[in-house]
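One structure is given here, and the rest of the page talks about it.
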Protein chains: 2
Amino acid sequence: MVEDRRLDVLRAIVEDYVATEEPVGSKALVERHRLGVSPATVRNDMAVLEEEGYIAQPHTSAGRVPTDKGYRLFVDRLTTVKPMSAAEKRAIATFLDGAMDLDDVVHRSVRLLAQLTRQVAVVQYPVLSRSTIRHVDLIALSEIRLLLVIILSTGRVEQRLVEMQVGLTEEQLADLRHRIGRATIGQSIADSASNLQSLVDAAAASERADAQVTTEVAAAMVEAISDHRSDERVAVGGAANLARFGDSFDTAVRPLLEALEEHVVLLRLLGEATTGGAVTVRIGHEGPVEELASTSVVATGYGPGDQTLATLGIVGPTRMDYPTTMAAVRAVARYVSRILDEA
Amino acid sequence: MVEDRRLDVLRAIVEDYVATEEPVGSKALVERHRLGVSPATVRNDMAVLEEEGYIAQPHTSAGRVPTDKGYRLFVDRLTTVKPMSAAEKRAIATFLDGAMDLDDVVHRSVRLLAQLTRQVAVVQYPVLSRSTIRHVDLIALSEIRLLLVIILSTGRVEQRLVEMQVGLTEEQLADLRHRIGRATIGQSIADSASNLQSLVDAAAASERADAQVTTEVAAAMVEAISDHRSDERVAVGGAANLARFGDSFDTAVRPLLEALEEHVVLLRLLGEATTGGAVTVRIGHEGPVEELASTSVVATGYGPGDQTLATLGIVGPTRMDYPTTMAAVRAVARYVSRILDEA
DNA sequence: CTTGGCACTCGCGACTGCCGAGTGCCAAGA
DNA sequence: TCTTGGCACTCGGCAGTCGCGAGTGCCAAG
């Protein structure tokens, strides 16, 4: 099939280009791959592929380079995610199993992902919205300062400082702690928020002496549990891997460095979490950030069971080894999910 | 005084070089500064300065560039830290006052520092050793999983997962919580650790049913409060500022990127915290990391009152605006200290 | 000690010519 | 209809050359 060979040629071009980082010519192609045809034939195929927009020439008299469209076809149809070796799987499991708490899981994941892919890794902290409240505590730091500590079912701990206008007695504090606990512990985020509102209303209606404090603490708690700041938290690792792309500094490294500082941008990059084992690949201009037109994102969702609490993935140049990278992202997501499962 | 003029020349060279990023020649110098002498005289002075090792020529027919030794003299004797404007001070105060908890303070500081200096900022989390234990809680996450939450006087929250061999009843848990609380709350880290050990010994001696759990929880707690991992935590920000040094990628950007990933290296870079208002400047090769011979560190300690709980600072190319940078570092350290004071 | 003059150095950018990888097209063969 | 070898052509990159100009060191006079 002529069609098939053309796709073989495209695949060969992508593989060679990723490996050598240099435009690949017809002669080099036939030498490095058993295509069974002459360079001239390959040239004809290349002409067609270029016509159709899958490859391009940086300049006349240079080899071909895959376009974003070319990578897209490659990822969609010309390759399969190659499973990781047993040894690699063990290494992942060992590395992640040592985690002490949720934050540690996230940190380890991002490190691991960066090492495996040799790209910049990004891991979103699990979002709160689907979790329930496991425990609430109020600690008097000083006369008029309370520390509100909330522990969620995911193991995440949120804390907020609350400054009061007037001090509370130990009894009042205990009572407040008790009322808030009853209104929220075991509840989902959404239910807790509405229960807290009822609590505030009730306090105001009864004209309790501590109505104001109740309101303040409730507000802080609502803010803490529904605050999108928590949803926006991400861990980043492997920025040093950018050093490998010392060339293309302005097109790839610089904008990416800037994006890494802006966690909001990063979250847009990661995009909507894909569920199940599916790994999302967003190539070059397909992404939401213009400046990052020459970078790709490989990401997938993770979370306990079938839930998808957050997204993790990597960001790298469009010219990357997609099969391996996708495998690594998928594997890490799986193991992290499993760990969350156990917790 | 001839001596004095030579120092003026050195100061002018440093200032011009920092501003223009180009070797500065004798003619350009007299044009840009009111030195009151001719280029020829300046040339003689330059020859002497070079002789003494304060400046160097990148190549024969080029202007002069300050050496590390030159910068050192400049920082030590030729400049004063210029105080920040009232507006800048207000901006710093406003920015930091919005912080919600300790982590937030650290994050805001690192951002602020990066913005003010346009360099890479590094802020060490306050170390635990001098703080006391404010609160301890044990939450049953599942039958055999406990979450240990420790709140320190600095506002820092530490958490650890503890897996038990056997489950505990609610009463046993409450008892354990009570015993641990009594042994540690209000105590310093060191005292808590020894008290916990007594607790374990007592439990073993009395052959309590929950001796094993007591041991496990106590161990986790000791680990959590004395663990050096906490001491080693740092926040990094402003890596995007490295983009400004797209030139000198290999000598400055790459090694720095790599160092930023290694928090241990960063801590070595920050070095021993200096107390009081003193700002430490470590120039080029003076630092502990060979690879970073062309970067300087400007750092200082911070903490509530006169204590120095941790260090913060910036890392940038040796060719940086020291007076301004030192001022920014000092100002941020002061405000952060003040905030910790209040808490 | 300062200054103007002067010869000297040498990095850098502009320019040139050449090499070779790679292409497109074509005509012949399968 | 597809494949293939041949061939002329293109053009980026590299090495070599060259002149400019910024900057220097030295010297003799003020």
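The values are calculated or read from the model by the stated rules, or taken from the named source; none is laboratory data. Just so you know, these numbers come straight off a predicted model, no measurement behind them. Counting neighbours? That spans all protein chains shown, and the Cβs are built from the backbone with ideal geometry, glycine included.
Would you check if there is a residue in the stretch B:254-273 being modelled with pLDDT under 80 and away from chain A (no Cβ under 14 Å)?
Yes, because at least one residue in the stretch B:254-273 is modelled with pLDDT under 80 and away from chain A (no Cβ under 14 Å).
Given the conditions (1) touching a strand residue (DSSP E or B) at 6+ places or on another chain (Cβ under 8 Å); (2) surrounded by fewer than 18 Cβ atoms within 10 Å (Cβ to Cβ); (3) within 14 Å of another protein chain (Cβ to nearest Cβ); (4) of a type outside the set (S, T, N, Q), report the number of the one that residue B:100 does not fulfil.
Just one mismatch for residue B:100, condition (2).
This table checks each residue for (1) more than 10 Å from DNA strand C (Cβ to nearest atom); (2) free of Cβ contacts under 8 Å to residues at least 24 places away in the same chain; (3) not polar (S, T, N, Q).
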site	(1), (2), (3)
A:27	no, yes, yes
A:31	no, yes, yes
A:34	yes, yes, yes
A:37	yes, no, yes
A:67	yes, yes, no
A:96	yes, no, yes
A:100	yes, yes, yes
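Table: residues versus (1) touching a strand residue (DSSP E or B) at 6+ places or on another chain (Cβ under 6 Å); (2) within 9 Å of DNA strand D (Cβ to nearest atom); (3) under 30 Å from residue A:297 (Cβ atoms).
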residue	(1), (2), (3)
A:23	yes, no, yes
A:27	no, no, no
A:41	no, yes, no
A:53	no, no, yes
A:66	yes, no, yes
A:71	no, no, yes
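Taking the stretch A:83-130 only, how many residues are closer than 25 Å to residue A:186 by Cα, under 18 Å from the mean Cα position of the chain (by Cα) and not in a helix (DSSP H, G or I)?
Residues flagged as closer than 25 Å to residue A:186 by Cα, under 18 Å from the mean Cα position of the chain (by Cα) and not in a helix (DSSP H, G or I) within the stretch A:83-130 amount to 7.
For the stretch A:73-84, which residues satisfy the criterion of being farther than 20 Å from residue A:19 by Cβ and either hydroxyl-bearing (Ser, Thr, Tyr) or within 13 Å of DNA strand D (Cβ to nearest atom) (or both)?
Hits for the stretch A:73-84: nothing passes.
Please work out which residue is surrounded by the fewest Cβ atoms within 10 Å (Cβ to Cβ), limiting yourself to the stretch B:249-272 and to residues that are part of a loop (DSSP other than H, G, I, E, B) and without any contact (Cβ under 8 Å) to a residue 40 or more places away in the chain.
Across the stretch B:249-272, the extreme among qualifying residues is B:272.
Sort through A:305, A:301 and tell me the only one that's surrounded by fewer than 20 Cβ atoms within 10 Å (Cβ to Cβ) and outside any helix (DSSP H, G or I). Step through it out loud before you land on a result.
Numbers: A:301 fails: surrounded by fewer than 20 Cβ atoms within 10 Å (Cβ to Cβ).
Being surrounded by fewer than 20 Cβ atoms within 10 Å (Cβ to Cβ) and outside any helix (DSSP H, G or I) holds for just one of A:305, A:301, which is A:305.
Just to confirm my filter: which strands (runs of 3 or more DSSP E) fall fully inside the stretch A:131-239 and include at least 2 residues that are modelled with pLDDT under 85?
Working: elements: A:133-142, A:145-152, A:157-163, A:234-237.
Of the strands (runs of 3 or more DSSP E) lying wholly inside the stretch A:131-239, those with at least 2 residues that are modelled with pLDDT under 85 span A:133-142, A:145-152, A:157-163.
Mind listing whichever residues of the stretch B:141-161 are farther than 20 Å from residue B:103 by Cα and more than 9 Å from chain A (Cβ to nearest Cβ)?
Matches in the stretch B:141-161: B:143, B:144, B:146.
Conditions (1) within 22 Å of residue A:323 (Cβ to Cβ); (2) away from chain B (no Cβ under 14 Å); (3) near DNA strand C (Cβ under 10 Å from one of its atoms); (4) of a type in the set (Asp, Glu), marked per residue:
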| site | (1), (2), (3), (4) |
| --- | --- |
| A:22 | yes, yes, yes, yes |
| A:46 | no, yes, yes, no |
| A:52 | no, yes, no, yes |
| A:118 | yes, no, no, no |
